[in-house]
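In what follows, a structure is listed as structure tokens, so that the remarks can point back to it.
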2 protein chains.
Amino acid sequence: MDFIKKLDGGFSVIDNLNVSGASEGKYGVCIIHCPNSTVSGVFTSNKVVAAPVKYTKNVIKNGVVSAVFVNSGNANCFTGEQGIKDCETLVNLVSKDLNIPFDEIAISSTGVIGRKMPIDIISKVAYDSISKLGNTAENSLAAAKAIMTTDTFPKESAVEVTLKNGKKVKIAGITKGSGMIAPNMGTMLSFIVSDAIIPADYIKKAIKKAADVSFNMIVVDGDESTNDTCLLMANGASGVEVVENDEIDSNFQEALNYLCIDLARKMARDGEGATKFIETNVYGAKSIEDAKLAAKSIISSSLFKSAVFGGDPNWGRIVSAIGYSGAELNPDIVTIAIGDESDDVDLVRNGEILAFDDTPYLERAEKIMQSKNITVNINLNLGEGKATAWGCDLTYDYVKINAEYTT
Amino acid sequence: MDFIKKLDGGFSVIDNLNVSGASEGKYGVCIIHCPNSTVSGVFTSNKVVAAPVKYTKNVIKNGVVSAVFVNSGNANCFTGEQGIKDCETLVNLVSKDLNIPFDEIAISSTGVIGRKMPIDIISKVAYDSISKLGNTAENSLAAAKAIMTTDTFPKESAVEVTLKNGKKVKIAGITKGSGMIAPNMGTMLSFIVSDAIIPADYIKKAIKKAADVSFNMIVVDGDESTNDTCLLMANGASGVEVVENDEIDSNFQEALNYLCIDLARKMARDGEGATKFIETNVYGAKSIEDAKLAAKSIISSSLFKSAVFGGDPNWGRIVSAIGYSGAELNPDIVTIAIGDESDDVDLVRNGEILAFDDTPYLERAEKIMQSKNITVNINLNLGEGKATAWGCDLTYDYVKINAEYTT
């Protein structure tokens, strides 16, 4: 895809955009100041919805935001009416300090559920963060760091895309998430800004399409969060318009998908306690939906994830996970392969088992399973559906991190 | 339920029944010799089905079995035509040695998937097992031990039930299973024999009803196996008939449910690496189905299971797990409590959070979370549906056991 060029510097590649991050103890605040941007978002489907999700869904109905406030350390979830009041307090702070309309500010939170927002300390960190707003690569990195919880590294990505009409626009984003990551997003927050001019009707479709092939295809532990938020803003700084028109936007959509997949893969790689990264490609499924089911089922299997941690080529667990995924499957014609950077070996080919005990296939598989990057390739040989999912191994440290989180 | 009396001795309480178990290395064989018993079973819903499951489904179509052969150490799954031939070889061995019809012998296997059956060693252990058949408590225990894989203790249960007509019948069973335990059974094998006379039409319904409230309500890791088998046999040794008639059988069904729940709880307690046992009771759901979804979702949450291991009263993870379970939920009216043998504390009462930081509620919750037996009680306050599910914590040892299993 030579129309997509990766860029360094995160948000700093976008003009007319200032961001910042500040932290104190476990509390962080990130500010994204993007005046008069069109906006759309996708949110958690959990029936328990955090206050900032309710609040922000309402704000973006108008289709325009000028700033996003994000805090880590407290999810402001299951906090009743006080939770919404706390959103208003923080939004008011940003509105006054940046002199932007109250109803053009989105808010997101991540952290522990069911604890009152420590509004004093978060306000203090917010003022600190706002005072640091800027357009440098350091600003972007500080923003990505401020939204981390159990993440071990900040996650940002930026691309330039050449549209079919030759014009160029940029997209940049940051994300956080490493536990409570499930299909349909898990605890992840993601904020993406493009300098394109994107009208309301297309921006909604664009982010939905991109989230479906990226954030909705990663699994760390199968727990879906109450706070998931992914916002796409377009501030128009490039002066270039992107509309829903295959002649123009297909490159933009590809680039947005690419950026979201890059961010999603970073989250999977940073899965709580992870030592290995797993990519599962399912081909030949009866439908795309079936391919997604099978790919996510493998990535979600605690047994397979434990086997990957131990470097054990126990491919029976792959077979079993496809079998209970709900996808159509004929074991007599399936092909299962695993690979890494240097090898790729069929374990089962068109239903025939190659990797019995003491075969060279199993020996090669054992070697591959020692790798830090494992790819599982499945061909169901039933149709044209294909999908890719990403995840990580299940380790002692996942348990340790989550046994110790709140107290 | 004073019509149910717990008995010791497992299968030895049933007349006209001989059982045995023998092992060599990781291979075990259990024989259940129950001439001319009516039979029914429930099996895995995984689309990858092991050879012995296919074989046994066919055998029990006639409604009569005289023996069950069970081996551990190899699942005989994904083994193609050879897998069915291996079933026939082992059934033939039992048929000749015990002089019972070839088509009245069921077979079950558990162990690694995708490896050829080591038929020589399993035949050897089978002869050894057959030579030990008998009706003692030791025989029953040996049978329960022979089917273990990663189980840490043998699981058997026996009851006597007084029917509404005053007559008495007995039910006894053994089970294995500790990993790959998911709703809809996981890798579990369970064999139950009653000395009642149970006609074909009722025996089918009886085992389905009992499995739905017991084996289908435990979760260890959410991985559903390819080999799950639960068989109920009735050898009629008591001379007492049980038919589907509320006046007579409701006590029998209650007792069968009780026995299956007892076996299921033992599996959850022996979950791979488990240090704590969790029971989740959901009341007030809009439907029984909703209650089951919510109860199983909590028991399945890796985050909550890790929190239980760490003794962390992170009840936000309970809320979140109900929220993504698919069950109807109104967070504003839900009640959430946790308890152990000596205390029971509301964390959220009718939507109001009691367990904020530094409240006595949270202190009590922290103490409860140190217990080995934790009960989660949820009232959704939406209807009459209720359900109970059982599970265990997620520990370092779960990962260790499954990182090291095959190699």
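The values are calculated or read from the model by the stated rules, or taken from the named source; none is laboratory data. Values in this document were obtained by computation on a predicted structure and should not be read as measured data. With ideal geometry, Cβ positions are generated from the backbone for all residues, glycine too; neighbour counts draw on all protein chains shown.
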Listed by first then second residue, the pairs whose first member lies in segment B:363-392 and is without any contact (Cβ under 8 Å) to a residue 40 or more places away in the chain, whose partner is of a type in the set (A, V, I, L, M, F, W, C) and not in a strand (DSSP E or B), with beta carbons under 9 Å and at least 6 positions apart or on separate chains, are B:R364/B:A355
Output for segment A:347-368, where each listed residue is touching a helix residue (DSSP H, G or I) at 6+ places or on another chain (Cβ under 7 Å) and closer than 21 Å to A:I299 by Cβ
A:L347, A:A355
Within segment B:301-323, work out how many residues are surrounded by fewer than 24 Cβ atoms within 10 Å (Cβ to Cβ) and closer than 10 Å to B:L394 by Cα.
1
What about B:V219, is it touching a strand residue (DSSP E or B) at 6+ places or on another chain (Cβ under 8 Å), over 30 Å from B:E24 (Cβ atoms) and modelled with pLDDT of 90 or more?
no
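One line per residue, one yes/no per condition, for (1) modelled with pLDDT of 95 or more; (2) surrounded by fewer than 16 Cβ atoms within 10 Å (Cβ to Cβ); (3) within 13 Å of another protein chain (Cβ to nearest Cβ):
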position: B:S325; (1), (2), (3): no, no, yes
position: B:V345; (1), (2), (3): no, no, no
position: B:G351; (1), (2), (3): no, yes, yes
position: B:N373; (1), (2), (3): no, yes, no
position: B:L382; (1), (2), (3): yes, no, yes
position: B:V399; (1), (2), (3): no, no, yes
position: B:T406; (1), (2), (3): no, no, yes
Verdict on A:K61 being closer than 30 Å to B:F356 by Cβ and either within 14 Å of chain B (Cβ to nearest Cβ) or assigned to a helix (DSSP H, G or I) (or both):
no
Any chance B:A22 is of a type in the set (A, V, I, L, M), surrounded by fewer than 24 Cβ atoms within 10 Å (Cβ to Cβ) and part of a strand (DSSP E or B):
yes
Can you confirm whether segment A:107-129 contains a residue that is outside any helix (DSSP H, G or I), surrounded by fewer than 18 Cβ atoms within 10 Å (Cβ to Cβ) and away from every other protein chain (no Cβ under 14 Å)?
no
Name every residue in segment B:301-320 that is in contact (Cβ under 8 Å) with a residue 24 or more places away in the chain and more than 7 Å from chain A (Cβ to nearest Cβ), in order of residue number.
B:K305, B:V308, B:G311, B:P313, B:I318
